[in-house]
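Visitor: Mind having a look at this structure? Questions to follow.
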Amino acid sequence: MRAPLLYGFAGSLVLTSLVAAPASGAPAPPRTAEARGTAEAAQRAAAAGLDWAACPKEEALPDSVKCATVTVPLDYAKPDGEKIELTVSRVKAKGKASERQGAFVFNPGGPGGSGMYWPLAAGLPEWRRIAKAYDFVGYAPRGVGRSAPLSCQAPKEFAKAPSEEPTHPDRAHKRKRIAQAKAYAAGCERNAGADLRHYNTLNNARDLDVLRAALGEQKLNFMGASYGTYFGAVYATLFPSHVRRMVFDSAVNPDPKQIWYRNNLDQSLAFEARWADFRGWVAEHDKTYGLGTSARAVQRSYEKVRDRLARKPAGGKVGPGQLQSAFLQAGYSDDYWPRSATALSKYLKGDPEPLIELAAPKPQAAVENENSNAVYTAVECNDSGNWPRDFATWDRDNSALARLAPFETWDNAWMNLPCAYWPAPRQQPVDVRTAPGALPGTLILAAERDAATPYKGAVELHRRLAGSALVTERDAGTHGIAGGPNECVNKHVDTYMLTGRTPRTPRSECAPRAEPEAR
């Protein structure tokens, strides 16, 4: 379920015995070795606290942000066994001591995204009111960045360009991608060994509870975006009595049957609609871009560029694969629309530089990108036994879908195909669900035309989290809407985080944000 980083300036264990705490709020007694291990690790973290100091240079954070590390078990069933350290960042609340309401922890999703930059958001106008009341705390989840980093492939190989990614691959290309998926899965096992199985959503949720304790918080204030909504929901299921306030921004469908294979198919279908939104906008601004006066004409312009890049990659680095990856960003956020349209337009007019700047792999980001992809793969593959193990199923489902939604389908399939050949044990997805009264009110945010996390996922999460409120940005498709330009959305977030009040009705709406200006 891949998502880009948001606010940045996609043996089995059944947890039916660990669903919600009693409605009274009293914590349920630990019933598994992992639950007991989590409680022990949290007690130790609370006693140790966090030693805040200047951030390491590699974090590239200003002096106003302080950093620390929190120690967690690699395997929660063995809390006295191997430990790993997670990196944490913070800026303290900017208001008076009497205004402070605690720490506000954020995860940007992925899986594989780092929230270490989150404290910088405290300086943005959209977060000003909340930043007076809360410390802004970011962290890198296990496997990410300097938090016991995971790698599955040499970064240079991962970022190899140019690449050819046909919309409707033939048998030879499929055989090639199957071999690559098997090699990638084997690389994950080779590099991580037996530890590979411990990179999963359950452990991300347990790590979050240990971080809560280390911060000295009795209850957690948390915002998750994209995948962060899923493991936030898993946290709420496992630790309902530890929740104070939770915001779920752009929600993953938590239905166990959807995790993760079906969710990725739904995502590919939704991206086709967002791709059409982008092309329609470009057509409306044909006087600026000259790419066609209809969405179909803009598609022809795009295909013309793709065909030329297949014959001669731009700058030797931008082929059809890089083009598709770059323009996929237009499906995540309207903010990408003007730059993407400009790059396409100028390329067709003989200037390839804007397209090269937009789409060429950045060597300086190769290590970070490979690491992020490795964590994404490990978490999604480990999380679920729903991944088909035979390529025939993938081939059937994605070939049929590609006839309806060619833009993203096969690219998404190739990204997830290592899960068909995954060497580590897979879990049964958590049945995210809370009983009435087990949680305080929680806030779910969703854009109606979001492609990365289709809207029906927010509706499903709202159904499963008793007492939650769903705020919908109508007829909008940007992925990640808190702290954006929609004042209505931001007002709901401010009110909730500052007072705990959710909207009067369980489901509320905000008008869409303005479309971007052509430039």
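Laboratory data are not the source of any read-out in this text; all were calculated from the coordinates shown. Since we're looking at a predicted model, the values are computed, not measured. Methodologically, a virtual Cβ is constructed for each residue, glycine included, from the backbone with ideal geometry; neighbour enumeration extends over all protein chains shown.
Visitor: How large is the direction-averaged shadow of the alpha-carbon convex hull of the stretch 423-465, in nm²? Kindly include the intermediate steps, with their values, before the conclusion.
Guide: On the way: hull surface 18.8 nm².
With the hull built on Cα positions only, its mean projection is 4.7 nm².
Visitor: I would also like to ask the following. Alpha carbon centre of the stretch 79-109 versus the stretch 210-277: separation in Å?
Guide: Their Cα centres are 18 Å away from one another.
Visitor: Students often forget the sequence filter, so: which lysines lie under 17 Å Cα-Cα from Lys96 once same-chain residues fewer than 8 apart are removed?
Guide: Lys132
Visitor: Scan around Gly102 for amide H atoms under 5 Å from its own, H built in the peptide plane at 1.01 Å from N, and keep only partners 5 or more places away or cross-chain.
Guide: Long-range HN contacts for Gly102: Asp135.
Visitor: Over all directions, what mean area does the Cα convex hull of the chain project, stated in square nanometres? List each step's numbers first, then the result.
Guide: Values: hull surface 90.4 nm².
Hull-based average projected area comes out at 22.6 nm².
Visitor: Which value at 222 nm does the chain reach when only helices count, each DSSP H run of 4 or more adding -39,500 (n - 2.57), with the total divided by all residues and rounded to the nearest 500 deg cm²/dmol? Could the numbers behind the result be given before it?
Guide: On the way: 17 runs with 214 residues, N = 519.
Per the formula, -13000 deg cm²/dmol.
Visitor: May I pose another question? Can you return the lysines within cross-link range of Lys304? Criterion is Cα-Cα under 21 Å, with same-chain partners fewer than 8 residues away left out.
Guide: Once the sequence-local lysines are set aside, what remains near Lys304 is Lys287, Lys312, Lys317, Lys346, Lys349.
Visitor: What order do you get for 140-146, 329-335, 504-510 when each peptide is scored by the mean count of other beta carbon atoms within 10 Å, highest first?
Guide: Details: 140-146: 25.3, 329-335: 21.6, 504-510: 13.1.
My ranking of the peptides, most packed first, is 140-146, 329-335, 504-510.
Visitor: Calculate one ³J(HN,Hα) per residue across the stretch 434-445 by plugging θ = phi - 60° into the Karplus curve 6.51 cos²θ - 1.76 cosθ + 1.60, and present them in order as whole Hz with x for glycine and proline.
Guide: Along the stretch 434-445, the couplings run 10, 7, x, x, 6, 10, x, x, 10, 10, 10, 10 Hz.
Visitor: If one puts a single equal scatterer on every Cα of the stretch 440-517 and applies the Debye formula without solvent, what log₁₀ I(q)/I(0) results at q = 0.17, 0.18, 0.24 Å⁻¹?
Guide: Here the Debye-derived log intensity ratios amount to -0.60, -0.67, -1.16.
Visitor: Now for a different question. Counting other beta carbons within 10 Å of each residue's own, what order do Asp249, Asp75 fall into, fewest first?
Guide: Numbers: Asp249 32, Asp75 17.
Final ranking by Cβ density, sparse to dense: Asp75, Asp249.
Visitor: While we're here: Need the list of aspartates and glutamates near Lys66 for cross-linking: C-alpha distance under 17 angstrom, and skip anything on the same chain fewer than eight residues off.
Guide: Asp51, Glu58, Glu85, Asp135
Visitor: Please list the non-local residues whose amide H lies under 5 Å from the amide H of Ala314, H modeled 1.01 Å from N, same-chain partners needing a gap of 5 or more.
Guide: HN-HN under 5 Å from Ala314: empty list.
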